[in-house]
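Please read the structure below before turning to the comments.
The values are calculated or read from the model by the stated rules, or taken from the named source; none is laboratory data. Because the structure is a prediction, the values reported are computed rather than measured. Note that each Cβ is placed from the backbone with ideal geometry, even for glycine, and that neighbours are counted across all protein chains shown. Accessible surface is based on the protein model in full, side chains and every heavy atom, while ligands, DNA and RNA are left aside. Shrake-Rupley method; radii C 1.70, N 1.55, O 1.52, S 1.80 Å.
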Amino acid sequence: MGVDVAFGDQPAYLRVAGDLRQKIVAGELPPHTRLPSQARIREQYGVSDTVALEARKVLMAEGLVEGRSGSGTYVRERPERRLVVRTGYRSAGESTPFRQEQADPRVKGTWESRSEQAGATAAVAERLRISAGDKVMRTDYLFRCTGEPAMLSTSWEPLALTGRTPVMLPEEGPLAGRGVVERMAAIDLVVDNVTEEVSARPGLAQETLALGGVPGHWVLVVSRTYFAGGCPVETADVVMLAERHRVAYHLPVK
């Protein structure tokens, strides 16, 4: 390809990155293939070293290539994206923390968790309609599918509701390992509504490391809140690697 090819009015580094991206997607540069060197990109596209470097940075930020120390930059293998099914909540007797996040019964999963009391941040307090600093039970989960890390979840429950009750600790007591709906029903709080908001952002280093990704990769975040009679009883953020997951909603028609 020569420099006389028309790309439009994009900056040069985006034009070069776009052409290399197309070759990766088309399979002309298959996984584990070494990306053309900076000198080769400069020569092939008739651009400066700076433009060649910036084009490579774009592909790395998109997760299409990865640098290998002392070896160069290589095309990454694109993982098959796992479907995450959302259906609101399940009725008592069917829900577990894993089922709460993945409703597809064909998907088998396990989880690890840790709970501790904490003061609500301003953002969590707004979602739970309490005051910043009010005591909440924070529970951190790591969910696995077929043994591989799949999702992280952090949930917060107001201790004004659950404190000094058998369900204060989500993973201990008579209802350990059950979902929010069943646990709240045990203290006469009937969950009747749930809201979810999906967003995307660059993953935090500790998130991508826990999920087996690369720092800088984007994550999908499902921010969920359960309500009982209009009162928030639990809110959570579910985090998963965007390149490995797609989210589908099955919503009943009433």
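Taking the criterion of being crowded, with 17+ Cβ neighbours inside 10 Å, part of a loop (DSSP other than H, G, I, E, B) and in contact (Cβ under 8 Å) with a residue 24 or more places away in the chain, the residues of region 33-88 that qualify are LEU35, VAL47, GLY63, LEU64, ARG76, GLY88. Only one of the listed residues (LEU204, LEU128, LEU152, LEU209) is modelled with pLDDT of 95 or more and under 17 Å from ARG244 (Cα atoms). That residue is LEU152. Residue count for region 211-251, restricted to those that are among the hydrophobic types (A, V, I, L, M, F, W, C), in contact with a strand residue (DSSP E or B) (Cβ under 7 Å, 6 or more places away or on another chain) and more than 30 Å from MET60 (Cβ to Cβ): 3. Just one of the listed residues (GLY133, GLY173, GLY216) is on the phi > 0 side of the Ramachandran plot and touching a residue at least 24 places away in the same chain (Cβ under 8 Å), and it is GLY216. Being open to solvent by 20 Å² or more (accessible area, probe 1.4 Å) and at pLDDT below 85 is the requirement here; does ARG99 meet it? Yes; evaluated as a whole, the condition is true for this residue.
Which of the residues belonging to region 13-32 are aliphatic (A, V, I, L, M), over 17 Å from ALA61 (Cα atoms) and surrounded by fewer than 18 Cβ atoms within 10 Å (Cβ to Cβ)? Matches in region 13-32: ALA26 only. Output yes when any residue across region 145-152 is free of Cβ contacts under 8 Å to residues at least 40 places away in the same chain and among the acidic types (Asp, Glu), and no when none is. The answer is no, given that none of the residues of region 145-152 is free of Cβ contacts under 8 Å to residues at least 40 places away in the same chain and among the acidic types (Asp, Glu).
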